[in-house]
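Below you'll find the structure, written out as structure tokens, and then a few comments.
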Amino acid sequence: MTKKIFRSILLAAVSVLLASLVVIMGCLYEYYRNVQEKQLRDELRLASYGVEADGSGYLEQLAAPYRFASIADFRLTWIAADGEVLFDTHVPAAEMENHADRAEVRQALAEGESVEVRYSKTLTERTLYCAQRLSDGTVLRISISQLTVFALAVGMLQPILLILILAAVLSALLAHRMAKSIVAPLNRLDLDRPLENDAYEELSPLLRRIHQQHRQIDAQLQELRRKTEEFEQITENMGEGLVLLDRNGVILSVNPAARAIFQADSACVGQEFLVVDRDHEINLAIQAALEEGHSEIRAMRNNREYQFDISQITSEGTAAGTVLLAFDVTEQAAAERSRREFTANVSHELKTPLQSIMGSAELLENGLVKQEDIPQFVGVIRTEAARLVTLVEDIIHLSQLDEGTAPAKEPVNLREIADSAVSTLRERAAERRISLSVTGEDSMVNGVRGFLYEMLYNLIDNAIKYNIDGGRVNVTVSADDAAVTVSVKDTGIGIPPEYQARVFERFFRVDKSRSKASGGTGLGLSIVKHIAQYHHAVLNLHSTVGTGTDISITFPNERQTGQ
Ligand code: ADP
């Protein structure tokens with residue numbers, strides 16, 4: 001701005017200077033021309049008196065000092081009425097041509113006197129002629145040559161240029177100072193408090209408008225801040241990850257949950273999402289959402305599975321960016337997987353006994369079985385049917401536990417339950433000469449009697465099934481101030497270390513044929529695990545191959561002791 005003002009002032013000053021110079025020169029020239037013309041007329045008048053009185057003698061005398069010298073200021077010419085030159089101060093009269101056709105001569109002959117101006121071919125010189133008719137009819141003419149304005153200006157070019165340069169330098173200095181002093185108050189304007197300025201009156205409407213806009217912007221900022229805080233409060237407490245991206249994939253906002261998922265800090269705002277997560281698929285999904293409106297993708301992050309839902313954000317009909325929501329679906333995905341596996345396993349487990357029942361029944365139906373073998377085939381049908389019943393019961397129990405539709409808890413004496421399960425299984429143990437014993441005091445836990453019975457029944461049943469003939473099974477119930485523990489210890493085949501964690505999975509068996517032969521379903525320990533979880537109890541397994549297995553369940557202090 002300072003430069004612009006400086007240039008304008010300088011231009012105005014130089015223009016005014018040039019115009020003034022031209023006008024002054026023109027006026028001065030005109031003034032001196034008039035003075036010169038008047039002088040010339042006076043001189044002509046004086047000369048004409050001389051010529052009237054003395055004729056050419058007077059002219060001879062007057063012109064003697066300049067005779068035929070072209071350096072004289074003026075020139076006198078005496079012309080007869082027919083135009084013949086009688087006398088001339090510069091050139092001998094005989095050498096001069098007839099002047100009858102000269103305008104000033106003709107006009108003087110006609111009107112008594114005349115004034116005429118003629119320019120040289122180069123326009124650098126002009127000649128002023130004054131002529132007067134004398135009483136004898138002759139004409140006396142006086143002339144003087146002078147430079148034209150143009151020639152005068154060219155002649156004075158050097159001083160004019162010098163004046164111009166000096167004036168321009170002076171103007172530049174003044175323009176610089178003026179520009180600075182005009183701009184200084186503008187630079188001092190306090191735009192934060194526009195109404196407190198008194199720089200120029202002309203600026204008042206502008207300053208009032210700025211003040212008004214300040215107030216509007218402040219109000220909008222406050223509203224924006226309020227909304228941002230609201231948004232941050234909501235998103236910060238969200239369990240789901242939330243990322244807002246603009247149309248170029250630059251992060252506008254990211255909540256703490258999303259930062260944890262992508263292992264980024266808050267400095268990632270303003271960076272491209274690609275910098276935070278280089279995964280090709282998720283970046284493709286973002287692009288797809290921007291183009292098509294929505295996309296979904298599942299991916300692992302930090303050993304957890306996430307579902308990423310990405311939706312397009314539109315503003316005034318065009319895509320302005322995307323919002324990415326991340327849900328932790330690890331448990332859901334695991335449950336889905338185990339449900340799929342469970343369904344496949346159940347179908348298989350149900351099919352095997354049914355096929356064997358169908359096979360035996362068909363043989364019997366077609367009379368293909370010898371009379372003495374019939375009991376054996378019927379036995380197969382009964383055993384397989386019994387296995388189906390056990391399997392269905394186990395599945396029902398498991399689904400009850402899965403759905404959490406178990407009956408209400410009540411104080412239950414764990415020792416009593418252990419006694420009851422042992423007495424049910426005593427006969428089966430006796431078949432293989434396995435001794436069963438229960439030790440420990442009456443110990444109360446808060447639980448579901450049926451579930452606890454089933455849990456101990458399964459554990460003791462396994463301890464018999466996977467025992468050696470003539471082995472031992474000992475059930476111990478113990479209690480202290482903090483917990484009640486029941487353990488089932490056997491002297492059986494044991495479980496290899498690599499399978500110890502897996503035996504609680506549904507349908508997992510270390511030795512499938514042994515399990516089947518003893519009527520196992522592969523669901524027993526998984527039911528035990530569920531029942532323990534239902535009672536917030538902790539399960540522990542210690543087993544050594546060839547020595548035996550000890551499985552204990554510790555119930556926390558919800559217990560009640562004694563009766
Ligand atoms: P199953 O119906 O086959 O017994 P479980 O879920 O009860 O199914 O047990 C799973 C597997 O764990 C069994 O097949 C067996 O291989 C192993 N197992 C369970 N209890 C014992 C134990 N006391 N001693 C040795 N192995 C055991």
field: the chain - convex hull of the alpha-carbon atoms, volume per residue in Å³
entry: 393 Å³
task: Could you go through segment 310-318 in sequence order and give the Karplus-derived ³J(HN,Hα) for each residue, using 6.51 cos²θ - 1.76 cosθ + 1.60 with θ = phi - 60°, rounded to whole Hz, and x for Gly and Pro?
output: 10, 10, 7, 9, 10, 9, 6, x, 10
query: Tell me, what is the per residue accessible area of segment 196-235 in Å², probe radius 1.4 Å?
result: 90 Å²
- prompt: Once amide H atoms are placed 1.01 Å from N in the peptide plane, what residues at a sequence separation of 5 or more from GLY447, or on another chain, have their amide H within under 5 Å of its amide H?
  reply: GLU410, VAL412
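Exactly which trypsin sites (Lys or Arg not before Pro) in segment 429-522 are in a DSSP loop and have at most 14 other Cβ atoms within 10 Å? Mind dumping the intermediate values first?
Details: sites: ARG432, ARG433, ARG449, LYS465, ARG472, LYS489, ARG502, ARG506, ARG509, LYS512, ARG514, LYS516; in loops: ARG432, ARG433, ARG506, ARG509.
Passing both the DSSP loop test and the Cβ count: ARG432, ARG433.
Around VAL149, under 13 Å between beta carbons, what's the net of Lys plus Arg minus Asp minus Glu among the other residues?
Numbers: positive: ARG33, ARG126; negative: GLU30, GLU125.
Its environment carries a net charge of 0.
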statement: Counting only protein heavy atoms and leaving out ligands, DNA and RNA, the solvent-accessible surface of ASP469 at a 1.4 Å probe, in Å² to the nearest 10, equals 90 Å²
- prompt: For segment 1-55, with every protein chain kept in place, what is the accessible area per residue (1.4 Å probe, Å²)?
  reply: 70 Å²
Pairs of lysines in the chain (C-alpha under 25 Å apart; 8 or more residues apart or interchain): 15
query: How large is the accessible surface per residue of segment 329-405, computed with a 1.4 Å probe and reported in Å² as a whole number?
result: 67 Å²
- prompt: Can you tell me the Rg and Dmax of segment 238-328, counting just the alpha carbons, in angstroms?
  reply: 12.0, 40
- prompt: Of LEU128, VAL105, ALA260, which is farthest on the positive side of the dipole of the chain, counting Cα position, with +1 on Lys and Arg Cβ, -1 on Asp and Glu Cβ, and the Cα centre as origin?
  reply: ALA260
- request: With a 1.4 Å probe and every protein chain left in place, tell me how much accessible area LYS180 has, in Å² to the nearest 10.
  value: 120 Å²
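How large a share of the accessible area of the chain, in percent, is made up of carbon and sulfur atoms when the probe is 1.4 Å and the other protein chains stay in place? Before the final figure, lay out each step's value.
Details: 18180 of 33150 Å².
Answer for the chain is 55 percent, counting heavy atoms of protein chains only.
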- prompt: Taking amide hydrogens as modeled 1.01 Å from N in the peptide plane, which residues meet the under 5 Å criterion relative to GLY293, leaving out close sequence neighbours?
  reply: GLN312
- request: Rounded to the nearest Å, what's the spacing between the alpha carbon centres of segment 334-397 and segment 95-153? Just the number, please.
  value: 150 Å
- request: Please list the non-local residues whose amide H lies under 5 Å from the amide H of GLU84, H modeled 1.01 Å from N, same-chain partners needing a gap of 5 or more.
  value: HIS99
message: With N set to the number of residues, divide the alpha-carbon radius of gyration of segment 329-405 by 2.2 N^0.38 Å and report two decimals.
response: 1.54
query: Using the C-alpha gyration tensor of segment 407-563, what are the square roots of 5 times its eigenvalues, in whole angstrom, with the largest one first?
result: 25, 17, 14
task: Roll a 1.4 Å probe over the protein heavy atoms and report the accessible area of TYR31 in Å², nearest 10.
output: 140 Å²
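Pairs of Cα atoms under 8 Å, at least six residues apart: use those to get the relative contact order of segment 238-328, whole percent.
Details: 182 pairs, mean separation 27.6, N = 91.
Once divided by the residue count of segment 238-328, the mean separation gives 30 percent.
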query: Among bridges DSSP assigns within segment 407-516, what percent are antiparallel (round to 5)?
result: 65 percent
task: Can you grab the distance from the C-alpha centre of segment 202-234 to the C-alpha centre of segment 295-317, Å, no decimals?
output: 35 Å
- line: Taking every C-alpha to C-alpha distance in segment 41-183 and binning by 10 Å from 0, the per-bin percentages run 11, 31, 23, 11, 9, 8, 6, 2
³J(HN,Hα), Karplus 6.51/-1.76/1.60, whole Hz, each residue of segment 496-511, x for Gly, Pro: x, x, 5, 9, 4, 7, 8, 5, 8, 6, 5, 6, 8, 9, 6, 10
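The values are calculated or read from the model by the stated rules, or taken from the named source; none is laboratory data. Predicted model, so just to flag it, every value in this text is computed and none were measured. Cβ atoms come from the backbone with ideal geometry, glycine included; neighbour counts cover every protein chain shown. Each accessible area value is taken on the protein alone, full model and side chains, heavy atoms only, with ligands, DNA and RNA left out. Shrake-Rupley method; radii C 1.70, N 1.55, O 1.52, S 1.80 Å.
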